[in-house]
Amino acid sequence: MKRFAAVSLAALMLLTVFASAASAADVIEIRGPVYNGSDINNIIDTYGENNALTIDATKFAAFYYDIDDNVTTETLSILAVPGTEGNVIGEGGIVYETTIQQVDYEFYRPAAGWSNYSLIGFFAEKYIPINPDKADKLAKLVLDSDDKYTIRTGEQLDLGEGYAIEAKQVDVDGEKVWLEFTKDGEFVDDEI
């Protein structure tokens, strides 16, 4: 009887291990179809529209895509142009575009002027155009968070990408703070 109980208990333990492993498996979804055809023109004819096959972030995972807000900025178009033959795309037959989109701040306070900002995806990374209407100069988005932090005099808040803010001094009334902004430990700017 003891042997039966021990074997039964061992079997139940094994079933529990396999059941938990099976339920712990993550579902992984890869966005984007596999294009199948005999040559580029055949693929454009089969999957494209009007002599062009346009792929965006919902079809290609290497483009920027904010799944929470359904924001995508990048597209790649393959055009049926002269010189496209077999697996060769003719000159001017590939067009990459990215556009500026308005996205909400995580710290969303419209009454205080904190509602949205311009963002542009570039090869799946988030960038901020220096001029909100023109993408000729870009800066990498370092932080967009609605987390609250408390820093004391002499403490630094790491912002990522080597940037930090340090509270240098607080006035006696607690109304003003002298903050110093640094990059890789080097002074960039300060303000009260």
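For residues in region 44-77 being acidic (Asp, Glu), surrounded by 15 or more Cβ atoms within 10 Å (Cβ to Cβ) and without any contact (Cβ under 8 Å) to a residue 40 or more places away in the chain, which is farthest from residue 119 (Cα to Cα)? Once the filter is applied, the top-ranked residue is 56. Apart from one condition, residue 146 fits all of (1) surrounded by 13 or more Cβ atoms within 10 Å (Cβ to Cβ); (2) of a type outside the set (A, V, I, L, M, F, W, C); (3) under 26 Å from residue 184 (Cα atoms); the exception is (1).
For region 120-128, state whether one or more residues are in the same structural domain as residue 67 (by TED's automatic domain parsing), among the hydroxyl-bearing types (Ser, Thr, Tyr) and touching a residue at least 12 places away in the same chain (Cβ under 8 Å). Yes, because at least one residue in region 120-128 is in the same structural domain as residue 67 (by TED's automatic domain parsing), among the hydroxyl-bearing types (Ser, Thr, Tyr) and touching a residue at least 12 places away in the same chain (Cβ under 8 Å).
Between 124, 135, 112, 80, which is exposed (fewer than 11 other Cβ atoms within 10 Å of the Cβ) and either hydrophobic (A, V, I, L, M, F, W, C) or touching a Phe, Trp or Tyr at 6+ places or on another chain (Cβ under 9 Å) (or both)?
On the way: 124 fails: exposed (fewer than 11 other Cβ atoms within 10 Å of the Cβ); 135 fails: exposed (fewer than 11 other Cβ atoms within 10 Å of the Cβ); 80 fails: exposed (fewer than 11 other Cβ atoms within 10 Å of the Cβ).
Result: 112 is the single residue among 124, 135, 112, 80 that is exposed (fewer than 11 other Cβ atoms within 10 Å of the Cβ) and either hydrophobic (A, V, I, L, M, F, W, C) or touching a Phe, Trp or Tyr at 6+ places or on another chain (Cβ under 9 Å) (or both).
Select from region 149-164 the residues that are farther than 24 Å from residue 120 by Cβ and touching a Phe, Trp or Tyr at 6+ places or on another chain (Cβ under 8 Å) and write down the one among them that is surrounded by the fewest Cβ atoms within 10 Å (Cβ to Cβ). Reasoning before the result, please.
So in region 149-164, the residues farther than 24 Å from residue 120 by Cβ come out as 149-158, 164.
From what is left, the residues that are touching a Phe, Trp or Tyr at 6+ places or on another chain (Cβ under 8 Å) are 157, 164.
Details: 157: 14, 164: 19.
Here the answer is 157.
The values are calculated or read from the model by the stated rules, or taken from the named source; none is laboratory data. The structure displayed is predicted, hence computed values, not measured ones. FYI the Cβ positions are ideal-geometry reconstructions off the backbone, even for glycines, and counts take in every protein chain you see.
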